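Please read the structure below before turning to the comments.
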Amino acid sequence: MSRKSVFLAGVMAPATFCFTILLSVTAMSQAVPRPFLTNHVPDDVASGVAPLVGHLDAKERVSLAISLPLKNQDQLELFLEDLYDPQSPNYHHYLSASEFAERFAASEEDYGKVLRFAEANKLKVVGRGANRMVVDVEGAAADVETAFHTTLGVFQHPTEARTFYAPEREPVVELDVPLLHISGMDNYSLPQAKNVISDAAVTPNASGSGPSGSFLGSDLRTAYYGSGSLNGAGQTVALYEYKGYNQSDINAYFNNAGQPENVPIKVISVNGASTTCGSGCTDIEQALDIEQAISMAPGLSQLRVYVGKNDISIFNQMAADNVAKTISCSWGWGKDQSSLDPILEEMAAQGQTVFVATGDQGASTAANVIWPSDDVWVTAVGGTVLTTKSAGGAWQSETGWVNSAGMPSKNNISIPSWQQWAGVVTGSNGASSSLRNIPDVSSESNASQYVCANGSCRTQGGGTSYAAPLWASLMAMVNEQALNNGGSLMGFFNSTLYGIGTGSGFGSDFHDITSGNNGKYYAVSGYDLVTGWGSPNAVNLINALTPTHK
């Protein structure tokens, strides 16, 4: 496989879905009805492993997303090849959301048919995207069953102490638009945040400036970047969330750190999700994401917090808005590659970079937690244990974090070409020659981070959730300098990243972490399945990524 074929490996596969109903419509020159849809009944339901215990209450409200996928897929793949080929005249000539919709999204006619289908079946439209890929709707379970000619049963989960709902048979849709999939008819796989809170005291080698030696977000900025002037000015970072947050927690964090909080935060509700975190709600993931992102890039023009009920709707709104050029996601859920990839491809076409935390149970991290960090269109972020030369001072050393999720894909994602030509498979690192390997990069994730959430502040926060927003804000600083130098946004990062990893500047652009393990794999020289290429030596890395253009 050629290096130029970076986007053609491992991007299409069957999908499973959670929380929403997703209609994916393939635009064709002549609409062909496809009333029968497959792969919507979870395997454990189809096999009888999950026993039926009841029927979903007819009045139960279900949040749905009707999503239309791409047309001209072959043309899109060729466009993306050129877009990220430095030798091409189209290199980094990104599309706007409207341009992408015109060239690759479903037609206005097909989109309108899906809208009318939803409304005719008593499914209330609560959101629609300008990119004509997703329609957010909500309806009673009884109306969902009628619209899709199925029944929603309640089943006992085979591995978790809870029940879940799912269709008892595949849906049938009376619509003269070709359909790819419906997601969200089940909640078999619940989204999981990738953070941990330790019950133990801060680890002895923690060397932050926070209470008990805990790391503040600003300490990580100093350790990885130093005292440079880049701060994300002119850039917007987006955070992927399922719940709202309490501003009082953010205020407490920066007040206790004695630092200003100057970044405007805009909360975007997707498909009617609540943007507040009231009684019974925990905002630890949302709060730490905000605290880390702002601390790493304290001059951001805006931080956008997208709060939604399902992954397709959240990512699609980020793509349709096309405001944030760097995105952080610290959640995991059941694989839905064939539905998510079209949205991630749109992001790549628009110059958006996506970072996803890998998880916090080491090599044993479950597949439905790892996802979507092992998707080929995102940059997977693992964890390390950082030591600085002084409290909140310069970087001194780093080891692989024992809980850093890293491994060949457990979701059977094929190895992308940029991992093939980069030669990441070695006898010492255990990487797969056939599957996508994660992580790609890493940063401090040990349970020694200062965090304010749920009305109090603690010193034992940890998880790769801390690493993903750090990298997203670092990329905002890359984009800041690139534009200052007359260059362009980074966009999809991985092909460039693996070029650096195999280049002569790797040792100065990254901290190559060669000690530590995650329970199965070991950190070694070069790429490994604990830390990826390592943590950023940010000044050098930013300079390498942002040559001056005249």
Looking only at segment 137-144, decide whether some residue is in a loop (DSSP other than H, G, I, E, B) and either in contact with a helix residue (DSSP H, G or I) (Cβ under 6 Å, 6 or more places away or on another chain) or β-branched (Val, Ile, Thr) (or both). no
Counted residues, segment 498-534 - those being surrounded by fewer than 22 Cβ atoms within 10 Å (Cβ to Cβ), in contact (Cβ under 8 Å) with a residue 40 or more places away in the chain and within 13 Å of Leu545 (Cα to Cα): 2
Kindly provide the set of residues from segment 535-544 that are surrounded by fewer than 20 Cβ atoms within 10 Å (Cβ to Cβ) and aliphatic (A, V, I, L, M), ordered by number. Val539, Ala544
Which numbered condition trips up Ser432, out of (1) buried (at least 24 other Cβ atoms within 10 Å of the Cβ); (2) over 30 Å from Phe254 (Cα atoms); (3) out of contact with any Gly (no Cβ under 7 Å at 6 or more places or on another chain)? (1)
Give the residues of segment 121-151 that are farther than 29 Å from Ile268 by Cβ and not acidic (Asp, Glu), sorted by residue number. Ala142, Thr146, His149, Thr150, Thr151
Across segment 88-106, which residue is farthest from Ala348 (Cα to Cα) among those that are surrounded by fewer than 18 Cβ atoms within 10 Å (Cβ to Cβ) and among the small types (Gly, Ala, Ser)? Ser88
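Of the residues that sit in segment 67-122 and are part of a loop (DSSP other than H, G, I, E, B) and hydrophobic (A, V, I, L, M, F, W, C), which one is nearest to Ser495 (Cα to Cα)? It would help to see each step written out before you state the result.
First, the residues of segment 67-122 that are part of a loop (DSSP other than H, G, I, E, B): 68-72, 84-96, 105-107, 121-122.
Add one more test, that the residue is hydrophobic (A, V, I, L, M, F, W, C), and what stays is 68, 70, 95, 105-106.
Details: Leu68: 28, Leu70: 23, Leu95: 19, Ala105: 25, Ala106: 28 Å.
Only one residue fits best here, namely Leu95.
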Given the condition in contact with a Cys (Cβ under 8 Å, 6 or more places away or on another chain) and among the hydrophobic types (A, V, I, L, M, F, W, C), answer yes or no: does some residue in segment 451-462 qualify? yes
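Sort out which residues of segment 349-375 are over 24 Å from Tyr466 (Cβ atoms) and in contact with a Gly (Cβ under 6 Å, 6 or more places away or on another chain), and write them in order of number. Before you say what the answer is, go through the steps one by one.
As a first pass, look at segment 349-375 and keep what is over 24 Å from Tyr466 (Cβ atoms): 349-351.
Residue satisfying the conditions is Gly351 alone.
Answer yes or no as to whether Gln337 is modelled with pLDDT under 95, of a type in the set (S, T, N, Q) and out of contact with any Gly (no Cβ under 8 Å at 6 or more places or on another chain).
Values: modelled with pLDDT under 95: yes; of a type in the set (S, T, N, Q): yes; out of contact with any Gly (no Cβ under 8 Å at 6 or more places or on another chain): yes.
Answer is yes for this residue.
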Filtering segment 415-429 down to residues that are in contact with a helix residue (DSSP H, G or I) (Cβ under 6 Å, 6 or more places away or on another chain) and not in a loop (DSSP other than H, G, I, E, B), which residue is farthest from Asp374 (Cα to Cα)? Trp421
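Among the residues of segment 253-303, write down those that are among the hydrophobic types (A, V, I, L, M, F, W, C), in contact with an Asp or Glu (Cβ under 6 Å, 6 or more places away or on another chain) and in a helix (DSSP H, G or I). Working first, answer last.
First, the residues of segment 253-303 that are among the hydrophobic types (A, V, I, L, M, F, W, C): 254, 257, 263, 265, 267-268, 270, 273, 277, 281, 284, 287-288, 290, 293-294, 296-297, 300, 303.
Narrowing the set further to residues that are in contact with an Asp or Glu (Cβ under 6 Å, 6 or more places away or on another chain) leaves 254, 277, 287.
If the condition is that a residue be among the hydrophobic types (A, V, I, L, M, F, W, C), in contact with an Asp or Glu (Cβ under 6 Å, 6 or more places away or on another chain) and in a helix (DSSP H, G or I), then Phe254, Ala287 are the ones that fit.
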Flag if Thr365 is in contact (Cβ under 8 Å) with a residue 40 or more places away in the chain and surrounded by fewer than 24 Cβ atoms within 10 Å (Cβ to Cβ): no
Restricting to segment 388-405, give me the number of residues that are part of a strand (DSSP E or B) and modelled with pLDDT under 95. 0
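The values are calculated or read from the model by the stated rules, or taken from the named source; none is laboratory data. Bear in mind that the values here come from a model prediction, so they are computed numbers and not experimental data. Here the Cβ is made from the backbone with ideal geometry for all residues, glycine too, and neighbour counts use every protein chain on show.
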